[in-house]
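Comments concern the structure below.
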Amino acid sequence: MATLWRAVSSSVGTKVVIALSGLALFAYLILHLIGNLFIFLGPAALNGWGHTLISNPLVVPAEIGLLLIFLIHVYKAALNWWDNRHARPTSYAEKKWAHHTSRKNVGSTTMIWTGALILLFVAIHVSAFKYGAFYEPPAWEPGVRDLYGLVVHTFLNPLWAGFYVACLVLAGVHLRHGIASSFQSLGADGPRFTPAIMLIGYLLAVVIAAGFAFIPVWVYFRLG
Amino acid sequence: MEKMTIHLRVWRQAGPNAPGRLVPYTVENVIPDMSFLEMLDVLNEELIAKGEDPVAFDSDCREGICGTCGLVINGIPHGPDRGATVCQLHMRRYKHGDTITIEPWRARAFPLIKDLVVDRSAFDRLIQASGYTSINVGGAPDANAVLIPKDKAERSMDAAACIGCGACVAACKNASAILFVSAKVAHLGMLPQGQVEHKHRVVKMIDRMDDLGFGSCSNEGECEAVCPKEIKLANIAYLNRSYLTARFFGGL
Ligand code: FES
């Protein structure tokens, strides 16, 4: 136990914890996105899916697990950022990106800030949806929450739709560095693997951000 | 030969705790064939002639092999050339009238001594932490007694090219020494001779690196891009793998 603690507290271990928790959250995002696709099948499909999910007794332990992973990711990343700031007490008068083989990008330079904004977004998102208004679906199975109605009602407001799209762009920027970087932290590297994972990470970041952002845009323009 | 006038902004700081600032200088009659350090030598001779304190900077071999020189030039450690140290940089890279900003390596683990000179003995502490390697002595072994796959030998040799200049720390936004540590770990760990202490070496070096006040790795690869010996980021992944294996399966 003491060894494990030492291992995860070291600089390398810290990055491993951030990578593993980050990848777990990324995996959750994929499941979430797949679930969201039910909206395109209509109200009955989405509400049915939501009802199936919350009726499962495993959903509460899963939510607690997810929350823990999220908090570990946030805590370790914030601590790491704080320690790293102290590694250079006097900053350069002039510092440029080295380019050449460097992987530095907008995502990698803003991880802590995009991360902080995503944290804020998640809090707003959970309170707006999970703990948001409870609509009964009209003339449909009573006791089932009309998630579809809630989604449509929320995103018909251009402020909500715009806010979601903006936050999802930030999430994409965060993932653009995060996905590929996680593999490097875990020591997964190879002459063919590394270029492939960098490309896949980039594409997945775009797919995730665009996939989620499509829903508010679709609701606003097609159902509005 | 055409002579150039070069404007400099040089970090001057009298001592570790003295306040520092960028001081403007102008060097006339710079010959394009001069090396960057020769240009600084010319500046220093002028300063000495005027009775001023010359700019302190480090150099030794001036042929890119010792790792003593190290300046951040216009925001990039070792300047604009790839795979080269400051002493290998020449003034033909610049034009008449250019302004060049020169700063020291900046990291908590590399405290400033004077002007552009920093104390890089933290790297020596890391090498000390890495410990020893057990090598058989005695009669000369047969040439092929220990077989080493070609790719392993290559990777080890590539990592061994590290000259310990500290540009990786200077370039890293977290002032992390991990590229340096990974080069040392890969250099020995890739070879059968380095295996005996491999897992201990990895754990001790990482522990020491954290104690010395270096930051952690953000996987940006600015270090690799400025490294005069082009040490690869792949070594860091190897180091991470080695560390995890040593901690979780190596009983450390
Ligand atoms: S002085 Fe030796 S590497 Fe530059």
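Within region B:161-181, residues that are outside the structural domain of residue B:225 (by TED's automatic domain parsing) reach no partner that is surrounded by 24 or more Cβ atoms within 10 Å (Cβ to Cβ) and assigned to a loop (DSSP other than H, G, I, E, B) with beta carbons closer than 9 Å at six or more positions or on different chains.
Considering region B:83-111, and only residues there that are in contact (Cβ under 8 Å) with a residue 60 or more places away in the chain and basic (Lys, Arg), the residue that is surrounded by the most Cβ atoms within 10 Å (Cβ to Cβ) turns out to be B:106.
Scanning region B:96-113 for residues that are in contact with a strand residue (DSSP E or B) (Cβ under 8 Å, 6 or more places away or on another chain) and either within 16 Å of the ligand (Cβ to nearest atom) or of a type in the set (Val, Ile, Thr) (or both) yields B:99, B:100, B:101, B:102, B:104, B:105. Evaluation of residue B:168 against the conditions (1) away from the ligand (no atom under 16 Å from the Cβ); (2) of a type outside the set (A, V, I, L, M); (3) in contact with a Cys (Cβ under 7 Å, 6 or more places away or on another chain) shows that the sole unmet condition is (1).
Counting only residues that are in a loop (DSSP other than H, G, I, E, B) and within 16 Å of the ligand (Cβ to nearest atom), region B:68-90 holds 13 of them.
Looking only at region A:103-138, how many residues end up being within 14 Å of another protein chain (Cβ to nearest Cβ) and either acidic (Asp, Glu) or surrounded by 15 or more Cβ atoms within 10 Å (Cβ to Cβ) (or both)?
Counting residues in region A:103-138 that are within 14 Å of another protein chain (Cβ to nearest Cβ) and either acidic (Asp, Glu) or surrounded by 15 or more Cβ atoms within 10 Å (Cβ to Cβ) (or both) gives 10.
Going by what's in this entry, would residue B:196 be described as among the aliphatic types (A, V, I, L, M), free of Cβ contacts under 8 Å to residues at least 12 places away in the same chain and more than 30 Å from residue A:90 (Cα to Cα)? When the stated conditions are applied, residue B:196 does not pass them.
Could you tell me which residue of region A:77-90 is farthest from the chain's Cα centre (by Cα), considering only residues that are surrounded by fewer than 21 Cβ atoms within 10 Å (Cβ to Cβ) and more than 7 Å from every other protein chain (Cβ to nearest Cβ)? Per the criteria, the residue is A:85. Among the residues of this structure, residue B:93 counts as one that is out of contact with any Leu (no Cβ under 8 Å at 6 or more places or on another chain), within 16 Å of the ligand (Cβ to nearest atom) and of a type in the set (Lys, Arg). When residue A:100 is tested against (1) within 14 Å of another protein chain (Cβ to nearest Cβ); (2) under 27 Å from the mean Cα position of the chain (by Cα), just one condition goes unmet, and that condition is (2). Reported count of residues in region B:11-67, each being within 16 Å of the ligand (Cβ to nearest atom), in a loop (DSSP other than H, G, I, E, B) and touching a strand residue (DSSP E or B) at 6+ places or on another chain (Cβ under 8 Å), is 6.
Scanning region B:16-55 for residues that are surrounded by 10 or more Cβ atoms within 10 Å (Cβ to Cβ), within 14 Å of another protein chain (Cβ to nearest Cβ) and farther than 16 Å from residue B:74 by Cα yields a total of 3.
Looking only at region B:71-111, which residues are in contact with a Lys or Arg (Cβ under 8 Å, 6 or more places away or on another chain) and among the small types (Gly, Ala, Ser)? Scanning region B:71-111 gives B:75, B:79, B:83, B:107. Just one of the listed residues (B:134, B:35, B:130) is free of Cβ contacts under 8 Å to residues at least 60 places away in the same chain and hydroxyl-bearing (Ser, Thr, Tyr), and it is B:35.
Restricting to helices (runs of 4 or more DSSP H) lying wholly in region B:139-243: which have 3 or more residues that are in contact with a strand residue (DSSP E or B) (Cβ under 7 Å, 6 or more places away or on another chain), at the interface with chain A (Cβ under 10 Å from one of its Cβ atoms) and at pLDDT 95 or above?
Numbers: elements: B:150-160, B:167-171, B:178-189, B:198-211, B:222-226.
Result: B:167-171.
Given the structure, is residue B:72 closer than 20 Å to residue B:13 by Cβ, more than 14 Å from chain A (Cβ to nearest Cβ), surrounded by 21 or more Cβ atoms within 10 Å (Cβ to Cβ) and out of contact with any Cys (no Cβ under 7 Å at 6 or more places or on another chain)? No; evaluated as a whole, the condition is false for this residue.
Condition check ((1) over 12 Å from the mean Cα position of the chain (by Cα); (2) part of a helix (DSSP H, G or I); (3) at pLDDT 95 or above; (4) at negative phi) across all residues:
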residue: A:112; (1), (2), (3), (4): yes, yes, yes, yes
residue: A:132; (1), (2), (3), (4): yes, no, no, yes
residue: A:139; (1), (2), (3), (4): yes, no, no, no
residue: A:152; (1), (2), (3), (4): yes, yes, no, yes
residue: A:162; (1), (2), (3), (4): yes, yes, yes, yes
residue: A:168; (1), (2), (3), (4): no, yes, yes, yes
residue: A:184; (1), (2), (3), (4): yes, yes, yes, yes
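Remark: pairs (first residue in region B:51-68, closer than 17 Å to residue B:123 by Cβ; second residue more than 6 Å from the ligand (Cβ to nearest atom) and among the small types (Gly, Ala, Ser); Cβ separation under 8 Å; 6+ apart in sequence or on different chains) = B:58/B:70; B:67/B:164; B:67/B:166. Residue A:200 satisfies every condition listed in (1) within 26 Å of residue B:178 (Cβ to Cβ); (2) away from chain B (no Cβ under 14 Å); (3) touching a residue at least 40 places away in the same chain (Cβ under 8 Å) except (3).
Would you call residue B:65 crowded, with 22+ Cβ neighbours inside 10 Å and in the same structural domain as residue B:36 (by TED's automatic domain parsing)?
On the way: crowded, with 22+ Cβ neighbours inside 10 Å: no; in the same structural domain as residue B:36 (by TED's automatic domain parsing): yes.
When the stated conditions are applied, residue B:65 does not pass them.
Exactly one residue out of B:104, B:111 is within 14 Å of chain A (Cβ to nearest Cβ), modelled with pLDDT of 95 or more and under 30 Å from residue B:33 (Cα atoms), and it is B:104.
The values are calculated or read from the model by the stated rules, or taken from the named source; none is laboratory data. Just so we're clear, the structure is a prediction, and the values are computed from it rather than from any experiment. A quick note on method: Cβ atoms are made from the backbone with ideal geometry, for glycine too, and the neighbour counts reach across all protein chains shown.
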